[in-house]
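K.L.:
There's a structure below that I have some questions on.
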Amino acid sequence: MTRISIPLWIFSMVILSGCGSSVRIYSDIDDSGRFDQYASYDFLEFSEGNSKTISGMELERIRVAFARELENRGLKFAEKDGDVSVQITVYHREASQASYGYYPSMYNYMERAISIDLYDNQTRKHVWHCAAVGELEYDPQQRASGLPELVARIFEKYPVQVSM
């Protein structure tokens, strides 16, 4: 390679590494949560907005993926009155990302977030929140196939890891 092509190659790799969808995970925890003592969970209903804008099939896939991760951590499903109540929320928003290079530009896209909130039913406290935020995948089959991995990434932030 010539002297000019090496820096150009490095520059192009840096630019390309910023392309494509990436998921960011955000979490918050209440230190008073008794995560090692929770044995059961129940689900709160999806919001009216989620129920109107997301198909019932997709909402069920989301709920099953979260249930699997909770059960992998030793919690059992209860129809009602679990140790914790689980609220799952899905929301969308328009987002943009600036690109600086020879031709500066703006990339506009739809962003999707899936969040989980756990509420301790004994203390009535919000004890854990975690959200995955990234570019919306428009194809429902692609969203479905990536959902288990996405939810597993969310649960990497959960204070209790997978039970063996």
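K.L.:
First select every other residue whose beta carbon is under 12 angstrom from the beta carbon of residue 145; then total the charges, Lys and Arg +1, Asp and Glu -1.
P.N.:
Neighbourhood net charge equals -1.
K.L.:
So how tilted is helix 5-17 from the main axis of the chain? Cα-based, degrees 0 to 90, rounded to 10.
P.N.:
30
K.L.:
Report the local net charge at residue 106: Lys and Arg +1, Asp and Glu -1, summed over other residues whose C-beta lies under 15 Å from its C-beta.
P.N.:
-3
K.L.:
Right, something else. Roughly how many nanometres apart are two label points built 7 Å out from the Cα toward the Cβ at residue 105 and residue 64?
P.N.:
Taking the simple label geometry, residue 105 and residue 64 are separated by 3.9 nm.
K.L.:
Okay, next question. So what is the 222 nm mean residue ellipticity for the chain from helices alone, if each DSSP H run of at least 4 adds -39500 (n - 2.57) and you divide by all residues, rounding to the nearest 500 deg cm²/dmol? Walk me through the numbers on the way to the answer.
P.N.:
Numbers: 4 runs with 52 residues, N = 164.
Helix contribution divided over all residues of the chain: -10000 deg cm²/dmol.
K.L.:
While we're looking at this one, here's another question. What are the extents of the Cα atoms of the chain along their three principal axes, in Å, largest first?
P.N.:
67, 35, 26
K.L.:
All other residues with a Cβ under 9 Å from the Cβ of residue 32 taken together, and with Lys, Arg as +1 and Asp, Glu as -1, what is their net charge?
P.N.:
Values: positive: 34, 125; negative: 30, 31, 120.
Summing Lys/Arg as +1 and Asp/Glu as -1 gives -1.
K.L.:
For the chain, which longest stretch is free of loop sites, where a loop site is one of the chymotrypsin sites (Phe, Trp or Tyr not before Pro) that DSSP puts outside H, G, I, E and B and that has at most 15 other Cβ atoms within 10 Å?
P.N.:
Maximal segment without exposed cleavage sites: 1-99.
K.L.:
Over the chain, with a Gaussian network built from C-alpha contacts below 10 Å, which listed residue (96, 105, 40) shows the highest mean-square fluctuation?
P.N.:
Most flexible of the set in this elastic network: 105.
K.L.:
Identify which of 101, 146, 33 has the largest mean-square fluctuation in a Gaussian network model of the chain, with springs joining Cα atoms closer than 10 Å.
P.N.:
Checking each option, the largest mean-square fluctuation is seen for 101.
K.L.:
Here's another thing I want to ask about it. Where in the range 79-164 are there trypsin sites (Lys or Arg not before Pro) that are in a DSSP coil and have at most 10 other Cβ atoms within 10 angstrom of their Cβ?
P.N.:
Loop-located and lightly packed - 80, 124.
K.L.:
Name the residues whose placed amide hydrogens come within less than 5 Å of the amide hydrogen of residue 136, ignoring near sequence neighbours (fewer than 5 apart) on the same chain.
P.N.:
110, 111, 112
K.L.:
Let me ask something additional. Separation of the range 120-164 and the range 24-76 by C-alpha centroid, Å?
P.N.:
Here the two parts' Cα centres lie 7 Å apart.
Readers should treat all values here as calculations from the given coordinates under stated rules, not as data from a laboratory. Everything numeric here is computed off the predicted structure, so don't read it as measured data. Ideal geometry is used to build each Cβ from the backbone, glycine not excepted, and the neighbour counts take in all protein chains shown.
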